[in-house]
Amino acid sequence: MGHNIQQKIENLRNTLHKYNYEYYVLDNASVSDFEFDQLLKELQTLEMSHPEFDDENSPTQKVGGAITKNFETLVHKNRMYSLDNSYSKSDLLDWEKRISKIIEGEITYTCELKYDGASINLTYENGVLVKAVTRGDGVQGDDVTNNVKTIKSLPLKLQGDFVDNFEIRGEIILPLEGFNQMNMSRAALGEETYKNPRNTASGSLKLQDSAEVSKRPLDCLLYQVLSVNNEFDSHAQALEKARKVGFKVPETIQVVQSIDEVVAFVEYWDKARFDLPYETDGIVIKVNNIRQQEELGYTAKAPRWAIAYKFKAEQVSTLLNTITYQVGRTGAITPVANLEPVQLAGTTVKRASLHNADQIALHDIRVGDEVYVEKGGEIIPKIVGVDLSKRPQYSVPTRYAENCPECDTQLIRKEGDAKHYCPNDRGCMTQVAGRIIHFISRKAMNVDGLGAETVELLCKEKLIENYADLYALKIDEILPLERMAEKSATNMILGIDASKQMPFEKVLFALGIRFVGETVAKKLAKSFKNIDVLLAADFETLIAVDEIGERIAESIIQFRNQPSNLLLIERLKDYGLNFSLSEEELKHQTDVLAGKIFVVSGVFHKVTRTELKKLIENNSGKVSSSISKKTDFIVAGDQMGPSKLQKATDLGIAIISEDDFLKLI
Ligand code: AMP
Ligand code: ZN
C-alpha cells in the first residue's frame, strides 16, 4: 500500500516536471492547463496526507510557501567574476590580439546576448537542484534557493543524464510583458510602479515570502556550466547538453570563427534587440574551447576569455519645455519633464521623470535646455544630461517647487528622504481623492458602480472628503451631478452599500495605511483579529508578528496616532463595516494560545512547517521568526539551527517538540 502510493507520487512528480519543461522551456505544451492543474492538485493532496514522502524538489514547490526572513550568506565555490567591456570593433580586435599572444591555435568564439537581470549560481547534485545563490560581491552571495525554486522554467529535477555534480550560472530576468502587467495592476491600485525589469527581478529574489515570488513571472536563462570533472570540450557543447536536460538556454547563441563575424552578430542584435521579449544591454563574446579558456584564466576582476560588448543606449536630444510636479496619494511629489515630442527607440517621448530635487540639481537641468533623453534598459525614459552649448543666454537654475501644485501648501522634505511631500493630507484634493480611489478599488472594497472620475467629481463638489463620507451619500445629492443618470446613481448607492459586507482584511487594506498592502493586511487581520487590538498593539508586539517589519510597524503607529484616523474608523464601524474577523473565520480558531509568541525551527514530520504556523495562528498564538525576550515557546523539529538553540537556552525559553505542541492544542 505505502509502496504503491509512493510510486504514484513519484510518477506524478516526473510527469509534472516534464509538463513544466514542455510548457515553460520548449514553449510547446502537450496537455491543457486544466489537465495540468488537475494533476498538480492530485499531487498536492497526496503529499499533504503523506509527508513521509516529502521531496524538496517536488513540482508543488513551484507555488512557494517557504518564508525566509534572513538570507544566509554562502561563499561561492567558484568566484563569480565581472566582465570587461568593449564598445567598438577596434576594442574587440585589441582583445583578440591580447588573447592570441597567450594561446596557440585557432580560436572560435560564442556570441550570446547579455541578459539584463540578476545573476544566479545554481548547484545540482545527482540531477536535482540543491542551492541557488546570488552573485553578491562575487566571492559570497545570498542563499535564495526557496525563491528560485518557484521560477517556472527552471528544472528542479533534470530530464535525463547530465554530469553528476555541477554548477550552472544564469540570469534571472523579468520579461517585459510580465513586467508591464505587474505595473499595470500596481498602477490600478494607486501603488508606485516598478522602475525597471532588472531591479524588479533582483528585488524579487529577496522577498521573504516565496509564494509572492511564485506569482512573479520570472524566468531563468542559463549561460555557463561549471563541471567538476571537465566533461566538456567546448562552452557551446556544454550549453547544448544543458538545454537537452531541461535548462532554458536561449537559441540566440551562435558559434563564430572570427571577430568580423562577432561584429556582424553585434550589428544584427543592436537593432533586433527591441523585438526581444526581454531586455539586453549588450553581447557577451567567449572563447569557445574550454582548454583555451583555462589557459587564458582570469585577471583580478574578470575572465580573460570573455568580453562584453555594450550597446549604445539610444539617446536623442530635445527641448525641455516645462517642469511640472505630480502629487501621489501619499503626498509624495514627483517632478516631470515635459519635452518637445521626439522619436526614441520606436516610440514618441513627450515626458520623462526627473525623480527628485537632487537629480535635477545633479545635472543642473533647466527649462529651455536642450536635454539628452535616453532609453536604456528602462521603460520610462530618463534625462541623462544637458547640451550646455545650446543653453540660452539668460537661463536660470531650476528652483524646485516650494509649494504643492494642487493645494499650494508648503512642501516638506524629511531627513533621509529623497522626495518632497505635501503635508496637507486632508485638504490636498489629489491626496484626498487618491485615498478614496484606493478605498473603492477592486482589491480593496471593490465598490461597484463607482469609479475614479466620479470620486474626483464628488470631492470637487464637496460631497465627500473622506471614504467614510461615501456611506452617508444620499441619492438626491448625487443626482444633480453632471452626467449622473438615475440608474447610475442608484447603482452607485447600491454598490457602496454592498461593500459593507467586505471582510475585515479588505477593509484594513482599504484604509490606505502606508506599507500595509494586500498581503500584510491579511496577515494583520488574522493575527490581531480585530481593529481595536491591532491599534492598541505596541511596536514590539507588531514586529513580533511574522513578516511585519519595523517600517510597517512604525507606519501603523503613525496612523493610529492621528485622531482623525480613529474618528474615521469609528464612523465606518457605525456604518456597519467589518472591523473584526467573522464568525466563520473565527470558527476554526480557538483562544488556547492567546498572547503566546512562538518561534518555529527545524524540520517536522506530522505537519509541515506552514501547517504548524497556521495551527499556531488559528489558536490565537503569534508566530515570530526570530527569538527574543518576548518569545514564549520554541517549537523545535529536527536539525534546529545551533545558534537558535544557543540563544533560546541563554534566554531561558521553553523548547518544545512537535508532539508537545500538538498536545498543547
Ligand atoms: P558585469 O555585471 O557588467 O560585470 O557583467 C557580468 C554579468 O553579466 C554576469 O554576472 C552575468 O550576470 C551577466 N550576464 C548576462 N548575460 C550573460 C552571458 N550570456 N554570459 C555571461 N554573463 C552574462
Ligand atoms: Zn497638496
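The values are calculated or read from the model by the stated rules, or taken from the named source; none is laboratory data. Keep in mind that this is a model prediction, so the values were computed, not measured. So basically every Cβ, Gly included, is an ideal-geometry build from the backbone, and we count neighbours across all protein chains shown.
Can you name every residue in the stretch 580-603 that is part of a loop (DSSP other than H, G, I, E, B), at pLDDT 85 or above and out of contact with any Phe, Trp or Tyr (no Cβ under 6 Å at 6 or more places or on another chain)?
So in the stretch 580-603, the residues part of a loop (DSSP other than H, G, I, E, B) come out as 581-582, 588-596, 602.
Keeping just the survivors that are at pLDDT 85 or above gives 581-582, 593, 596.
Within the stretch 580-603, Ser582, Leu593, Lys596 qualify.
Quick one: in the stretch 429-484, of everything that is assigned to a helix (DSSP H, G or I) and of a type in the set (Lys, Arg), which residue is nearest to ligand 1 (Cβ to nearest atom)?
Step one: filter the stretch 429-484 for residues assigned to a helix (DSSP H, G or I), giving 429-440, 452-460, 467-470, 475-478.
Subset that is of a type in the set (Lys, Arg): 435, 460.
Details: Arg435: 41, Lys460: 50 Å.
Once the filter is applied, the top-ranked residue is Arg435.
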Provide a single number: the residues in the stretch 633-665 that are buried (at least 16 other Cβ atoms within 10 Å of the Cβ) and part of a loop (DSSP other than H, G, I, E, B). 3
Single residue of the stretch 19-41 satisfying the filter (charged (D, E, K, R) and within 27 Å of the chain's Cα centre (by Cα)) that is modelled with the highest pLDDT: Lys41
Asp369: passes all of (1) under 29 Å from the mean Cα position of the chain (by Cα); (2) surrounded by 15 or more Cβ atoms within 10 Å (Cβ to Cβ); (3) of a type in the set (Asp, Glu) but (1)
Is it fair to say Thr110 is touching a His at 6+ places or on another chain (Cβ under 8 Å), modelled with pLDDT of 95 or more and within 16 Å of ligand 1 (Cβ to nearest atom)? yes
Those residues of the stretch 46-86 which are assigned to a helix (DSSP H, G or I) and buried (at least 18 other Cβ atoms within 10 Å of the Cβ), in sequence order: Glu47, Pro59, Thr60, Gln61, Lys62
Restricting to the stretch 170-222, name every residue that is within 16 Å of ligand 1 (Cβ to nearest atom), farther than 13 Å from Ile151 by Cβ and touching a Pro at 6+ places or on another chain (Cβ under 9 Å). Pro197
Taking the stretch 315-330 and keeping residues more than 16 Å from ligand 2 (Cβ to nearest atom) and either at pLDDT 90 or above or under 27 Å from the mean Cα position of the chain (by Cα) (or both) leaves Ser317, Thr318, Leu319, Leu320, Asn321, Thr322, Ile323
Name the residue, out of Asp137, Asp94, that is in a loop (DSSP other than H, G, I, E, B), more than 30 Å from Asp275 (Cβ to Cβ) and assigned by TED's automatic domain parsing to the domain that holds Pro250. Asp137
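Which residue is farthest from ligand 2 (Cβ to nearest atom), if the candidates are limited to the stretch 61-84 and must be at pLDDT below 90 and of a type outside the set (Lys, Arg)? Step through it out loud before you land on a result.
Within the stretch 61-84, the subset at pLDDT below 90 is 61-70.
Right, trim to of a type outside the set (Lys, Arg) and you get 61, 63-68, 70.
Values: Gln61: 47, Val63: 43, Gly64: 40, Gly65: 42, Ala66: 43, Ile67: 39, Thr68: 40, Asn70: 39 Å.
The qualifying residue farthest from ligand 2 (Cβ to nearest atom) is Gln61.
Within the stretch 478-493, track down each residue that is surrounded by 12 or more Cβ atoms within 10 Å (Cβ to Cβ) and touching a helix residue (DSSP H, G or I) at 6+ places or on another chain (Cβ under 9 Å). Don't jump to the end; show me each part of the working.
Taking the stretch 478-493 first, the residues surrounded by 12 or more Cβ atoms within 10 Å (Cβ to Cβ) are 478-479, 481, 484, 488-493.
Ile478, Leu479, Leu481, Met484, Ser488, Ala489, Thr490, Met492, Ile493 - these are the residues of the stretch 478-493 that are surrounded by 12 or more Cβ atoms within 10 Å (Cβ to Cβ) and touching a helix residue (DSSP H, G or I) at 6+ places or on another chain (Cβ under 9 Å).
Restricting to the stretch 342-356, and then to whatever is part of a loop (DSSP other than H, G, I, E, B) and under 19 Å from Ala272 (Cβ atoms), can you tell me which residue is modelled with the lowest pLDDT?
Our first condition is that a residue be part of a loop (DSSP other than H, G, I, E, B); within the stretch 342-356, this holds for 345-346, 354-356.
Filter once more, so that each one left must be under 19 Å from Ala272 (Cβ atoms): 345-346.
Values: Ala345: 68, Gly346: 64.
Within the stretch 342-356, the match that is modelled with the lowest pLDDT is Gly346.
What number of residues within the stretch 364-387 satisfy the criterion of being in contact with a strand residue (DSSP E or B) (Cβ under 9 Å, 6 or more places away or on another chain) and either at pLDDT 90 or above or among the hydrophobic types (A, V, I, L, M, F, W, C) (or both)?
Within the stretch 364-387, residues that are in contact with a strand residue (DSSP E or B) (Cβ under 9 Å, 6 or more places away or on another chain) and either at pLDDT 90 or above or among the hydrophobic types (A, V, I, L, M, F, W, C) (or both) number 15.
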